[in-house]
Amino acid sequence: MDNLTMSQLLFPEIDKTPADYEAIYPARELPEGAKVTRFAPSPTGFLHFGSLFAAFVASRTAGRDGVFYLRIEDTDKKREVENGVIGMVNGLKQFGIIPDEGAESETAESGAYGPYTQSRRTHIYKAYVKDLVERGLAYPCFMTEEEIAGIRARQESEKALIPGIYGKYAKYRDITVGEAKARIDAGEEYVIRLKSPGKPDGRIKFKDEVKGKIEIAENILDIVLLKKDGTPTYHFAHVIDDHLMRTTHVTRGDEWLSSVPIHLQLFYLLGFKAPKYAHIAPIMKEDEKTNGKRKLSKRKDPEAAVSYYAEAGYPAGAVNEYLMTIANSNYEDWKRANKTGAIDDFAFSLNKMSKAGALFDMVKLHDISKTYISTLDTETVYNLVSEWAKEYDGQLYNLITRDADYAKRIFSIERGNKKPRKDIGKWSEVKDYYSYFYDETFDGKLGWADDVSDADKLAILEGYAKIYNPDGAAEDWFPQVRELAVSLGFAGAPKEYKQNPDAFKGHVGDVSGVIRVAVTGRLNTPDLYQIMQTLGADKVRERLETAINSLK
Ligand code: GLU
(Lines give C-alpha, C1' and ligand atoms only; values in the text may rest on other atoms or scores of the structure.)
Protein backbone atom coordinates (compact mmCIF):
# COMPACT_ATOMS: atom_id res chain seq x y z
CA MET A 1 0.00 0.00 0.00
CA ASP A 2 2.78 2.36 0.98
CA ASN A 3 4.60 1.69 -2.26
CA LEU A 4 1.49 2.46 -4.24
CA THR A 5 1.00 5.73 -2.35
CA MET A 6 4.67 6.56 -2.90
CA SER A 7 4.39 5.95 -6.65
CA GLN A 8 1.33 8.20 -6.83
CA LEU A 9 3.08 10.86 -4.80
CA LEU A 10 6.07 10.84 -7.15
CA PHE A 11 4.28 10.47 -10.47
CA PRO A 12 0.79 11.88 -10.17
CA GLU A 13 0.74 12.85 -13.85
CA ILE A 14 1.64 9.41 -15.18
CA ASP A 15 -1.47 7.45 -16.05
CA LYS A 16 -0.14 4.83 -18.47
CA THR A 17 1.21 1.54 -17.18
CA PRO A 18 3.89 -0.78 -18.56
CA ALA A 19 1.06 -2.96 -19.86
CA ASP A 20 -0.16 -0.04 -21.96
CA TYR A 21 3.27 0.37 -23.55
CA GLU A 22 3.59 -3.34 -24.14
CA ALA A 23 0.43 -3.06 -26.21
CA ILE A 24 1.56 0.09 -28.04
CA TYR A 25 4.88 -1.52 -28.99
CA PRO A 26 4.06 -5.17 -29.64
CA ALA A 27 6.59 -7.82 -30.61
CA ARG A 28 7.71 -7.32 -34.18
CA GLU A 29 6.48 -9.58 -36.90
CA LEU A 30 9.70 -10.67 -38.51
CA PRO A 31 10.91 -13.89 -40.07
CA GLU A 32 12.19 -16.49 -37.63
CA GLY A 33 15.68 -15.60 -36.41
CA ALA A 34 15.63 -12.05 -37.82
CA LYS A 35 17.65 -9.67 -35.70
CA VAL A 36 16.79 -6.18 -34.54
CA THR A 37 19.78 -3.92 -33.92
CA ARG A 38 20.42 -0.28 -33.36
CA PHE A 39 23.00 2.45 -33.47
CA ALA A 40 22.45 4.78 -30.55
CA PRO A 41 24.72 7.82 -30.63
CA SER A 42 24.57 11.02 -28.69
CA PRO A 43 23.75 13.81 -31.15
CA THR A 44 27.21 15.37 -31.09
CA GLY A 45 27.30 15.78 -34.86
CA PHE A 46 30.78 14.26 -34.88
CA LEU A 47 30.95 10.80 -36.38
CA HIS A 48 34.05 8.95 -35.21
CA PHE A 49 35.39 6.17 -37.41
CA GLY A 50 34.77 3.85 -34.45
CA SER A 51 31.11 4.90 -34.41
CA LEU A 52 30.84 4.30 -38.14
CA PHE A 53 32.26 0.86 -37.45
CA ALA A 54 29.72 0.25 -34.66
CA ALA A 55 26.88 1.35 -36.96
CA PHE A 56 28.26 -0.86 -39.71
CA VAL A 57 28.36 -3.85 -37.36
CA ALA A 58 24.80 -3.18 -36.20
CA SER A 59 23.49 -2.84 -39.72
CA ARG A 60 25.31 -5.97 -40.92
CA THR A 61 24.02 -7.90 -37.92
CA ALA A 62 20.45 -7.04 -38.88
CA GLY A 63 21.25 -7.98 -42.45
CA ARG A 64 18.52 -8.27 -45.03
CA ASP A 65 15.83 -9.90 -42.90
CA GLY A 66 16.21 -7.86 -39.75
CA VAL A 67 15.70 -4.27 -38.71
CA PHE A 68 18.43 -1.76 -38.01
CA TYR A 69 17.31 1.49 -36.44
CA LEU A 70 18.86 4.77 -35.34
CA ARG A 71 18.11 6.00 -31.84
CA ILE A 72 19.27 9.33 -30.53
CA GLU A 73 20.51 9.25 -26.94
CA ASP A 74 20.27 12.86 -25.90
CA THR A 75 19.86 12.48 -22.17
CA ASP A 76 23.14 14.30 -21.68
CA LYS A 77 22.35 17.79 -22.91
CA LYS A 78 25.98 18.87 -22.53
CA ARG A 79 27.02 16.66 -25.46
CA GLU A 80 24.43 17.98 -27.85
CA VAL A 81 25.18 20.31 -30.75
CA GLU A 82 22.89 22.09 -33.15
CA ASN A 83 21.88 19.90 -36.09
CA GLY A 84 23.85 17.07 -34.53
CA VAL A 85 21.31 14.45 -35.60
CA ILE A 86 21.30 15.35 -39.26
CA GLY A 87 25.11 15.44 -39.07
CA MET A 88 25.19 11.83 -37.87
CA VAL A 89 22.51 10.70 -40.32
CA ASN A 90 24.38 12.21 -43.27
CA GLY A 91 27.69 10.87 -42.04
CA LEU A 92 26.25 7.36 -42.07
CA LYS A 93 24.48 7.89 -45.36
CA GLN A 94 27.70 8.90 -47.12
CA PHE A 95 28.95 5.42 -46.43
CA GLY A 96 25.78 3.69 -47.46
CA ILE A 97 24.57 2.99 -43.94
CA ILE A 98 20.90 3.81 -44.01
CA PRO A 99 18.82 2.69 -41.05
CA ASP A 100 15.51 0.92 -41.71
CA GLU A 101 13.80 3.11 -39.16
CA GLY A 102 14.47 5.73 -36.51
CA ALA A 103 15.63 9.32 -36.36
CA GLU A 104 16.15 11.04 -39.72
CA SER A 105 16.84 14.59 -38.57
CA GLU A 106 16.28 16.80 -35.54
CA THR A 107 12.55 16.58 -36.11
CA ALA A 108 11.77 13.76 -38.54
CA GLU A 109 11.71 10.03 -37.96
CA SER A 110 10.12 6.90 -39.37
CA GLY A 111 9.00 3.61 -37.87
CA ALA A 112 6.31 2.32 -35.52
CA TYR A 113 8.48 2.03 -32.41
CA GLY A 114 9.25 5.70 -31.79
CA PRO A 115 9.80 8.29 -30.67
CA TYR A 116 13.42 7.34 -31.38
CA THR A 117 14.85 10.32 -29.55
CA GLN A 118 15.18 9.78 -25.82
CA SER A 119 14.23 13.31 -24.80
CA ARG A 120 10.80 12.65 -26.32
CA ARG A 121 10.28 9.48 -24.28
CA THR A 122 10.30 10.85 -20.74
CA HIS A 123 6.67 9.86 -20.14
CA ILE A 124 7.52 6.28 -21.04
CA TYR A 125 10.51 6.06 -18.71
CA LYS A 126 8.45 7.53 -15.90
CA ALA A 127 5.71 4.96 -16.31
CA TYR A 128 8.25 2.20 -15.81
CA VAL A 129 9.91 3.91 -12.86
CA LYS A 130 6.51 4.46 -11.31
CA ASP A 131 5.90 0.75 -11.64
CA LEU A 132 9.25 -0.07 -10.02
CA VAL A 133 8.40 2.26 -7.10
CA GLU A 134 5.03 0.62 -6.77
CA ARG A 135 6.73 -2.75 -6.59
CA GLY A 136 9.20 -1.53 -3.94
CA LEU A 137 12.14 -1.68 -6.35
CA ALA A 138 12.88 2.04 -6.60
CA TYR A 139 12.78 5.00 -4.23
CA PRO A 140 13.33 8.74 -4.09
CA CYS A 141 16.74 9.77 -2.78
CA PHE A 142 17.21 13.27 -1.39
CA MET A 143 20.96 13.13 -0.86
CA THR A 144 22.80 16.33 -1.71
CA GLU A 145 26.09 16.49 -3.64
CA GLU A 146 27.89 17.21 -0.35
CA GLU A 147 26.35 14.19 1.30
CA ILE A 148 27.43 11.98 -1.58
CA ALA A 149 30.96 13.39 -1.44
CA GLY A 150 30.94 12.70 2.30
CA ILE A 151 29.96 9.09 1.65
CA ARG A 152 32.80 8.68 -0.86
CA ALA A 153 35.28 9.90 1.76
CA ARG A 154 33.82 7.60 4.36
CA GLN A 155 33.97 4.65 1.98
CA GLU A 156 37.64 5.32 1.38
CA SER A 157 38.47 5.36 5.05
CA GLU A 158 36.33 2.29 5.70
CA LYS A 159 37.89 0.54 2.69
CA ALA A 160 34.41 -0.20 1.42
CA LEU A 161 33.92 -2.98 -1.10
CA ILE A 162 33.18 -0.55 -3.93
CA PRO A 163 32.41 3.16 -4.00
CA GLY A 164 28.83 4.29 -4.56
CA ILE A 165 25.40 4.21 -3.03
CA TYR A 166 24.35 0.79 -1.76
CA GLY A 167 23.44 -1.09 1.39
CA LYS A 168 24.17 0.93 4.51
CA TYR A 169 25.31 3.92 2.44
CA ALA A 170 21.92 4.17 0.76
CA LYS A 171 20.39 6.61 3.21
CA TYR A 172 16.91 6.80 1.69
CA ARG A 173 16.41 3.15 0.77
CA ASP A 174 13.62 2.77 3.28
CA ILE A 175 12.22 6.27 3.28
CA THR A 176 8.56 6.48 4.29
CA VAL A 177 5.89 8.13 2.19
CA GLY A 178 5.44 10.70 4.93
CA GLU A 179 9.07 11.76 4.91
CA ALA A 180 9.20 11.84 1.14
CA LYS A 181 6.12 14.02 1.01
CA ALA A 182 7.46 16.41 3.63
CA ARG A 183 10.76 16.80 1.76
CA ILE A 184 9.03 17.29 -1.57
CA ASP A 185 6.69 19.84 -0.03
CA ALA A 186 9.74 21.63 1.35
CA GLY A 187 11.06 21.90 -2.23
CA GLU A 188 13.95 19.44 -1.84
CA GLU A 189 15.33 17.96 -5.02
CA TYR A 190 15.60 14.22 -5.47
CA VAL A 191 16.57 11.48 -7.85
CA ILE A 192 14.93 8.09 -8.18
CA ARG A 193 17.24 5.20 -7.39
CA LEU A 194 16.95 1.50 -8.00
CA LYS A 195 16.69 -0.59 -4.86
CA SER A 196 19.22 -3.12 -6.07
CA PRO A 197 18.58 -6.67 -4.91
CA GLY A 198 22.19 -7.58 -5.72
CA LYS A 199 24.34 -9.41 -3.14
CA PRO A 200 27.94 -8.38 -2.47
CA ASP A 201 29.21 -11.86 -3.28
CA GLY A 202 26.77 -12.45 -6.15
CA ARG A 203 28.11 -13.31 -9.59
CA ILE A 204 26.42 -13.31 -12.93
CA LYS A 205 27.30 -15.19 -16.07
CA PHE A 206 26.40 -14.32 -19.61
CA LYS A 207 27.60 -14.99 -23.08
CA ASP A 208 28.75 -12.01 -25.06
CA GLU A 209 28.42 -12.54 -28.80
CA VAL A 210 31.91 -11.16 -29.39
CA LYS A 211 33.82 -11.71 -26.17
CA GLY A 212 32.41 -15.12 -25.29
CA LYS A 213 31.57 -16.33 -21.79
CA ILE A 214 31.82 -13.67 -19.12
CA GLU A 215 31.50 -14.04 -15.37
CA ILE A 216 31.37 -10.84 -13.40
CA ALA A 217 30.19 -9.47 -10.03
CA GLU A 218 26.49 -8.74 -9.86
CA ASN A 219 25.31 -5.17 -9.43
CA ILE A 220 24.74 -4.04 -5.86
CA LEU A 221 24.56 -0.30 -6.52
CA ASP A 222 21.35 1.66 -6.07
CA ILE A 223 21.98 3.35 -9.38
CA VAL A 224 20.09 6.46 -10.40
CA LEU A 225 17.20 5.76 -12.77
CA LEU A 226 15.80 9.26 -13.08
CA LYS A 227 17.88 12.37 -12.55
CA LYS A 228 16.74 15.43 -10.62
CA ASP A 229 15.23 16.96 -13.72
CA GLY A 230 13.22 13.83 -14.39
CA THR A 231 15.34 12.64 -17.32
CA PRO A 232 16.57 9.08 -17.29
CA THR A 233 20.15 7.89 -16.97
CA TYR A 234 21.72 6.09 -19.93
CA HIS A 235 21.47 2.76 -18.10
CA PHE A 236 17.76 3.01 -17.53
CA ALA A 237 16.78 4.60 -20.82
CA HIS A 238 18.64 2.06 -22.91
CA VAL A 239 17.00 -0.85 -21.14
CA ILE A 240 13.51 0.55 -21.66
CA ASP A 241 14.23 1.52 -25.26
CA ASP A 242 15.94 -1.68 -26.28
CA HIS A 243 13.01 -3.59 -24.85
CA LEU A 244 10.19 -1.51 -26.30
CA MET A 245 11.92 -1.17 -29.67
CA ARG A 246 12.20 -4.95 -29.55
CA THR A 247 15.94 -5.02 -29.97
CA THR A 248 17.37 -8.53 -30.15
CA HIS A 249 21.08 -7.67 -30.34
CA VAL A 250 22.81 -4.79 -28.61
CA THR A 251 26.08 -4.10 -30.41
CA ARG A 252 28.11 -1.36 -28.78
CA GLY A 253 31.57 -0.32 -27.66
CA ASP A 254 33.20 -2.52 -25.05
CA GLU A 255 33.51 0.37 -22.62
CA TRP A 256 29.97 -0.71 -21.69
CA LEU A 257 30.93 -4.28 -20.83
CA SER A 258 31.38 -3.49 -17.14
CA SER A 259 27.85 -2.05 -17.03
CA VAL A 260 26.20 -5.26 -18.19
CA PRO A 261 25.45 -6.41 -14.61
CA ILE A 262 23.41 -3.23 -14.11
CA HIS A 263 21.64 -3.72 -17.41
CA LEU A 264 20.85 -7.39 -16.92
CA GLN A 265 19.54 -6.66 -13.45
CA LEU A 266 17.27 -3.96 -14.83
CA PHE A 267 15.98 -6.23 -17.60
CA TYR A 268 15.26 -8.87 -14.99
CA LEU A 269 13.51 -6.57 -12.53
CA LEU A 270 11.43 -5.01 -15.26
CA GLY A 271 10.39 -8.46 -16.41
CA PHE A 272 11.92 -8.04 -19.88
CA LYS A 273 13.78 -10.63 -21.88
CA ALA A 274 17.33 -9.34 -22.13
CA PRO A 275 18.78 -8.87 -25.62
CA LYS A 276 22.00 -10.53 -26.67
CA TYR A 277 25.01 -8.33 -26.13
CA ALA A 278 27.93 -7.94 -28.48
CA HIS A 279 30.69 -5.70 -27.17
CA ILE A 280 32.97 -4.38 -29.86
CA ALA A 281 36.60 -3.66 -29.10
CA PRO A 282 37.77 -0.20 -30.12
CA ILE A 283 39.72 0.32 -33.32
CA MET A 284 43.39 0.59 -32.49
CA LYS A 285 46.24 2.35 -34.15
CA GLU A 286 49.96 1.73 -34.20
CA ASP A 287 51.57 4.45 -32.08
CA GLU A 288 54.86 5.53 -33.64
CA LYS A 289 56.03 7.16 -30.44
CA THR A 290 55.65 4.17 -28.15
CA ASN A 291 55.68 1.40 -30.74
CA GLY A 292 52.58 0.15 -28.99
CA LYS A 293 48.91 0.35 -29.80
CA ARG A 294 46.41 2.95 -28.77
CA LYS A 295 42.82 3.83 -29.56
CA LEU A 296 42.16 5.82 -32.71
CA SER A 297 41.87 9.28 -31.22
CA LYS A 298 39.63 12.15 -32.22
CA ARG A 299 42.24 14.58 -30.97
CA LYS A 300 45.39 13.06 -32.49
CA ASP A 301 44.24 11.37 -35.70
CA PRO A 302 42.52 13.22 -38.54
CA GLU A 303 41.38 9.85 -39.89
CA ALA A 304 39.32 9.34 -36.73
CA ALA A 305 36.67 11.64 -38.20
CA VAL A 306 34.43 10.05 -40.78
CA SER A 307 34.37 13.35 -42.69
CA TYR A 308 38.04 12.68 -43.50
CA TYR A 309 37.08 9.80 -45.83
CA ALA A 310 34.35 11.76 -47.51
CA GLU A 311 36.69 14.69 -48.15
CA ALA A 312 39.47 12.47 -49.45
CA GLY A 313 36.92 10.81 -51.69
CA TYR A 314 37.07 7.19 -50.60
CA PRO A 315 34.02 5.61 -52.20
CA ALA A 316 31.44 4.21 -49.82
CA GLY A 317 31.82 0.74 -51.32
CA ALA A 318 35.55 0.71 -50.60
CA VAL A 319 35.10 1.95 -47.05
CA ASN A 320 32.49 -0.76 -46.52
CA GLU A 321 34.89 -3.39 -47.81
CA TYR A 322 37.53 -2.10 -45.44
CA LEU A 323 35.09 -2.10 -42.53
CA MET A 324 34.15 -5.67 -43.34
CA THR A 325 37.82 -6.64 -43.48
CA ILE A 326 38.39 -5.35 -39.97
CA ALA A 327 35.05 -6.69 -38.74
CA ASN A 328 35.44 -10.28 -39.92
CA SER A 329 38.93 -11.58 -40.62
CA ASN A 330 37.52 -14.32 -42.88
CA TYR A 331 36.08 -11.73 -45.28
CA GLU A 332 39.30 -11.39 -47.24
CA ASP A 333 39.48 -15.13 -47.89
CA TRP A 334 35.87 -15.10 -48.96
CA LYS A 335 36.54 -12.20 -51.27
CA ARG A 336 39.49 -13.98 -52.85
CA ALA A 337 37.29 -16.99 -53.49
CA ASN A 338 34.36 -14.84 -54.70
CA LYS A 339 36.06 -12.11 -56.67
CA THR A 340 32.89 -10.73 -58.16
CA GLY A 341 30.77 -11.43 -55.08
CA ALA A 342 28.90 -8.51 -53.54
CA ILE A 343 29.65 -7.66 -49.93
CA ASP A 344 25.99 -8.31 -49.08
CA ASP A 345 26.43 -11.95 -50.01
CA PHE A 346 29.07 -12.45 -47.34
CA ALA A 347 27.73 -14.01 -44.14
CA PHE A 348 28.82 -11.50 -41.51
CA SER A 349 29.02 -12.95 -38.04
CA LEU A 350 29.51 -11.31 -34.66
CA ASN A 351 31.50 -14.19 -33.25
CA LYS A 352 34.17 -13.76 -35.91
CA MET A 353 34.95 -10.28 -34.67
CA SER A 354 38.25 -9.51 -33.05
CA LYS A 355 37.97 -9.61 -29.24
CA ALA A 356 40.95 -7.35 -28.76
CA GLY A 357 40.40 -4.62 -31.31
CA ALA A 358 41.23 -4.42 -34.96
CA LEU A 359 44.22 -2.40 -36.05
CA PHE A 360 43.49 0.58 -38.27
CA ASP A 361 45.57 0.46 -41.42
CA MET A 362 45.37 3.37 -43.84
CA VAL A 363 47.61 1.68 -46.40
CA LYS A 364 45.30 -1.28 -46.48
CA LEU A 365 42.22 0.90 -46.85
CA HIS A 366 43.91 2.64 -49.76
CA ASP A 367 44.81 -0.67 -51.39
CA ILE A 368 41.31 -2.03 -50.97
CA SER A 369 39.98 1.16 -52.44
CA LYS A 370 42.29 0.93 -55.47
CA THR A 371 41.08 -2.56 -56.20
CA TYR A 372 37.48 -1.55 -55.61
CA ILE A 373 37.70 1.47 -57.91
CA SER A 374 39.41 -0.61 -60.60
CA THR A 375 36.34 -2.86 -60.76
CA LEU A 376 33.83 -0.03 -61.24
CA ASP A 377 32.49 0.67 -64.71
CA THR A 378 33.14 3.98 -66.43
CA GLU A 379 29.67 5.36 -65.89
CA THR A 380 29.85 4.69 -62.15
CA VAL A 381 33.29 6.25 -61.88
CA TYR A 382 32.09 9.29 -63.77
CA ASN A 383 29.08 9.67 -61.49
CA LEU A 384 31.04 9.18 -58.28
CA VAL A 385 33.84 11.52 -59.31
CA SER A 386 31.44 14.26 -60.33
CA GLU A 387 29.44 13.84 -57.12
CA TRP A 388 32.62 14.14 -55.11
CA ALA A 389 34.05 17.01 -57.18
CA LYS A 390 30.83 18.99 -56.95
CA GLU A 391 31.34 19.09 -53.20
CA TYR A 392 35.11 19.28 -52.88
CA ASP A 393 36.81 20.40 -56.11
CA GLY A 394 35.05 22.96 -58.25
CA GLN A 395 37.72 22.99 -60.95
CA LEU A 396 37.60 19.25 -61.46
CA TYR A 397 33.81 19.40 -61.47
CA ASN A 398 33.82 21.99 -64.25
CA LEU A 399 36.38 20.11 -66.29
CA ILE A 400 34.62 16.78 -66.26
CA THR A 401 31.09 18.09 -66.66
CA ARG A 402 31.75 20.54 -69.50
CA ASP A 403 32.42 17.56 -71.77
CA ALA A 404 31.14 14.44 -70.08
CA ASP A 405 31.93 12.21 -73.07
CA TYR A 406 35.57 13.24 -73.01
CA ALA A 407 35.77 12.61 -69.25
CA LYS A 408 34.17 9.20 -69.69
CA ARG A 409 36.65 8.31 -72.41
CA ILE A 410 39.44 9.21 -69.97
CA PHE A 411 37.94 7.10 -67.19
CA SER A 412 37.43 4.18 -69.53
CA ILE A 413 41.16 3.81 -70.24
CA GLU A 414 42.28 0.38 -69.00
CA ARG A 415 38.91 -0.18 -67.37
CA GLY A 416 36.44 -2.95 -68.04
CA ASN A 417 39.15 -5.28 -69.32
CA LYS A 418 40.37 -8.47 -67.69
CA LYS A 419 43.08 -6.81 -65.66
CA PRO A 420 41.87 -3.28 -64.96
CA ARG A 421 44.44 -0.75 -63.85
CA LYS A 422 44.67 -0.15 -60.10
CA ASP A 423 45.96 3.34 -59.65
CA ILE A 424 43.37 5.55 -58.09
CA GLY A 425 42.58 5.00 -54.43
CA LYS A 426 40.46 8.07 -53.75
CA TRP A 427 38.74 10.71 -55.84
CA SER A 428 41.04 13.47 -54.64
CA GLU A 429 43.76 11.76 -56.71
CA VAL A 430 41.81 12.00 -59.95
CA LYS A 431 42.72 15.54 -60.95
CA ASP A 432 46.43 15.04 -60.63
CA TYR A 433 46.39 11.55 -62.04
CA TYR A 434 44.71 12.66 -65.26
CA SER A 435 46.10 16.20 -65.27
CA TYR A 436 47.58 15.93 -68.80
CA PHE A 437 44.14 15.49 -70.32
CA TYR A 438 43.25 19.10 -69.68
CA ASP A 439 45.31 22.15 -70.56
CA GLU A 440 44.08 23.77 -67.34
CA THR A 441 45.74 21.10 -65.25
CA PHE A 442 48.66 20.07 -67.45
CA ASP A 443 51.64 22.03 -66.19
CA GLY A 444 53.76 21.38 -69.28
CA LYS A 445 56.68 20.03 -67.28
CA LEU A 446 58.36 17.20 -69.11
CA GLY A 447 59.73 14.63 -66.71
CA TRP A 448 62.31 13.07 -69.01
CA ALA A 449 64.25 9.97 -68.08
CA ASP A 450 67.98 10.60 -67.69
CA ASP A 451 69.22 7.90 -70.00
CA VAL A 452 68.28 9.33 -73.39
CA SER A 453 70.32 12.27 -74.72
CA ASP A 454 68.55 15.44 -75.84
CA ALA A 455 69.70 14.83 -79.41
CA ASP A 456 68.15 11.38 -79.36
CA LYS A 457 64.94 12.72 -77.80
CA LEU A 458 64.72 15.22 -80.60
CA ALA A 459 65.35 12.59 -83.25
CA ILE A 460 62.73 10.30 -81.69
CA LEU A 461 60.09 13.01 -81.49
CA GLU A 462 60.75 14.37 -84.96
CA GLY A 463 60.69 10.85 -86.30
CA TYR A 464 57.50 10.04 -84.47
CA ALA A 465 55.76 13.26 -85.51
CA LYS A 466 56.26 12.15 -89.09
CA ILE A 467 54.80 8.66 -88.68
CA TYR A 468 52.10 9.54 -86.13
CA ASN A 469 48.81 8.28 -87.50
CA PRO A 470 45.76 9.19 -85.41
CA ASP A 471 43.67 6.66 -87.30
CA GLY A 472 46.13 3.80 -86.82
CA ALA A 473 44.94 0.64 -85.11
CA ALA A 474 46.03 -0.23 -81.59
CA GLU A 475 47.98 -3.28 -82.73
CA ASP A 476 49.99 -1.25 -85.25
CA TRP A 477 51.07 1.36 -82.78
CA PHE A 478 53.86 -0.39 -81.00
CA PRO A 479 55.41 -2.07 -84.10
CA GLN A 480 55.68 1.40 -85.63
CA VAL A 481 57.47 2.73 -82.58
CA ARG A 482 59.74 -0.32 -82.72
CA GLU A 483 60.60 0.39 -86.34
CA LEU A 484 61.42 3.96 -85.43
CA ALA A 485 63.54 2.77 -82.52
CA VAL A 486 65.53 0.39 -84.66
CA SER A 487 66.08 3.02 -87.33
CA LEU A 488 67.55 5.33 -84.68
CA GLY A 489 69.93 2.75 -83.25
CA PHE A 490 67.79 1.46 -80.34
CA ALA A 491 67.15 -2.23 -79.76
CA GLY A 492 63.71 -3.44 -80.87
CA ALA A 493 63.24 -5.33 -77.58
CA PRO A 494 64.58 -4.87 -74.03
CA LYS A 495 65.97 -8.41 -74.07
CA GLU A 496 68.00 -7.73 -77.15
CA TYR A 497 69.42 -4.66 -75.50
CA LYS A 498 70.32 -6.50 -72.29
CA GLN A 499 72.24 -9.13 -74.23
CA ASN A 500 74.36 -6.57 -75.98
CA PRO A 501 74.09 -3.14 -74.33
CA ASP A 502 77.07 -1.63 -76.10
CA ALA A 503 75.52 -2.19 -79.50
CA PHE A 504 72.51 0.07 -78.85
CA LYS A 505 71.58 3.50 -77.55
CA GLY A 506 68.83 1.89 -75.51
CA HIS A 507 65.70 -0.05 -76.38
CA VAL A 508 62.21 0.49 -77.68
CA GLY A 509 60.92 1.18 -74.14
CA ASP A 510 63.17 4.21 -73.93
CA VAL A 511 61.81 5.42 -77.22
CA SER A 512 58.18 5.03 -76.28
CA GLY A 513 59.08 6.65 -72.95
CA VAL A 514 60.24 9.77 -74.76
CA ILE A 515 56.98 9.94 -76.70
CA ARG A 516 55.04 9.35 -73.50
CA VAL A 517 56.77 12.22 -71.70
CA ALA A 518 56.26 14.54 -74.65
CA VAL A 519 52.52 13.81 -74.73
CA THR A 520 51.77 13.54 -71.01
CA GLY A 521 54.76 15.00 -69.18
CA ARG A 522 55.23 11.67 -67.37
CA LEU A 523 57.12 8.44 -67.70
CA ASN A 524 54.42 6.42 -66.06
CA THR A 525 50.87 6.49 -67.40
CA PRO A 526 48.17 4.10 -68.51
CA ASP A 527 48.24 2.82 -72.07
CA LEU A 528 49.75 5.55 -74.28
CA TYR A 529 47.89 4.56 -77.42
CA GLN A 530 44.55 4.95 -75.63
CA ILE A 531 45.69 8.22 -74.11
CA MET A 532 46.55 9.61 -77.54
CA GLN A 533 43.26 8.42 -79.00
CA THR A 534 41.45 10.22 -76.20
CA LEU A 535 43.49 13.41 -76.45
CA GLY A 536 42.88 13.57 -80.20
CA ALA A 537 45.24 14.30 -83.08
CA ASP A 538 45.41 18.06 -82.65
CA LYS A 539 46.38 17.91 -79.04
CA VAL A 540 48.93 15.13 -79.63
CA ARG A 541 50.57 17.08 -82.47
CA GLU A 542 50.63 20.21 -80.36
CA ARG A 543 52.31 18.40 -77.48
CA LEU A 544 54.89 16.78 -79.77
CA GLU A 545 55.66 20.12 -81.31
CA THR A 546 56.01 21.87 -77.97
CA ALA A 547 58.38 19.19 -76.76
CA ILE A 548 60.41 19.32 -79.98
CA ASN A 549 60.76 23.07 -79.66
CA SER A 550 61.84 22.79 -76.06
CA LEU A 551 64.66 20.48 -77.14
CA LYS A 552 65.98 22.70 -79.90
N1 GLU B 1 24.70 6.51 -26.30
C2 GLU B 1 25.67 5.50 -26.03
C3 GLU B 1 27.02 5.94 -26.57
O4 GLU B 1 27.06 6.90 -27.30
C5 GLU B 1 25.22 4.23 -26.70
C6 GLU B 1 25.73 2.99 -26.13
C7 GLU B 1 24.88 1.86 -26.64
O8 GLU B 1 24.93 1.61 -27.84
O9 GLU B 1 24.15 1.25 -25.86
O10 GLU B 1 28.03 5.37 -26.26
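The values are calculated or read from the model by the stated rules, or taken from the named source; none is laboratory data. This one's a predicted model, so the numbers in the text were calculated from it and none came from an experiment. All Cβ positions, even for glycine, are placed from backbone atoms using ideal geometry, and neighbour counts span all protein chains on display. Areas reflect the complete protein model, heavy atoms only, side chains present, ligands, DNA and RNA absent. Shrake-Rupley method; radii C 1.70, N 1.55, O 1.52, S 1.80 Å.
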Candidates Asn330, Asn320, Asn291, filtered to the one that is of a type in the set (S, T, N, Q) and touching a Ser or Thr at 6+ places or on another chain (Cβ under 9 Å): Asn330
Would it be correct to say that Gly50 is within 30 Å of Lys298 (Cα to Cα), away from the ligand (no atom under 16 Å from the Cβ) and either hydroxyl-bearing (Ser, Thr, Tyr) or at pLDDT below 95 (or both)? no
Residue count for region 31-42, restricted to those that are outside any strand (DSSP E or B) and touching a Lys or Arg at 6+ places or on another chain (Cβ under 9 Å): 5
Out of curiosity, is Thr290 among the β-branched types (Val, Ile, Thr), without any contact (Cβ under 8 Å) to a residue 40 or more places away in the chain and more than 30 Å from Gly33 (Cα to Cα)? yes
Restricting attention to region 166-176, the residues that are under 13 Å from Ala138 (Cα atoms) and crowded, with 16+ Cβ neighbours inside 10 Å number exactly 5
Region 35-46, residues that are among the hydrophobic types (A, V, I, L, M, F, W, C) and open to solvent by less than 10 Å² (accessible area, probe 1.4 Å): Val36
Contacts under 6 angstrom Cβ, first residue in region 109-127 being within 16 Å of Glu73 (Cα to Cα), partner open to solvent by 40 Å² or more (accessible area, probe 1.4 Å), 6 or more apart: Tyr116/Glu109
I need the full set of residues from region 59-83 which are within 17 Å of Ala103 (Cα to Cα), among the polar types (S, T, N, Q) and within 13 Å of the ligand (Cβ to nearest atom), in order please. Thr75
Does Thr248 fit the bill of being within 15 Å of the ligand (Cβ to nearest atom), farther than 22 Å from Gly66 by Cβ, in contact with a strand residue (DSSP E or B) (Cβ under 7 Å, 6 or more places away or on another chain) and open to solvent by 10 Å² or more (accessible area, probe 1.4 Å)? no
Quick one: would you say Ile184 is exposed (fewer than 13 other Cβ atoms within 10 Å of the Cβ), of a type in the set (Val, Ile, Thr) and more than 16 Å from the ligand (Cβ to nearest atom)? no
Test result for Phe56, within 20 Å of Lys298 (Cα to Cα) and away from the ligand (no atom under 13 Å from the Cβ): yes
Name every residue in region 225-245 that is away from the ligand (no atom under 16 Å from the Cβ) and surrounded by fewer than 22 Cβ atoms within 10 Å (Cβ to Cβ), in order of residue number. Lys228, Asp229, Gly230
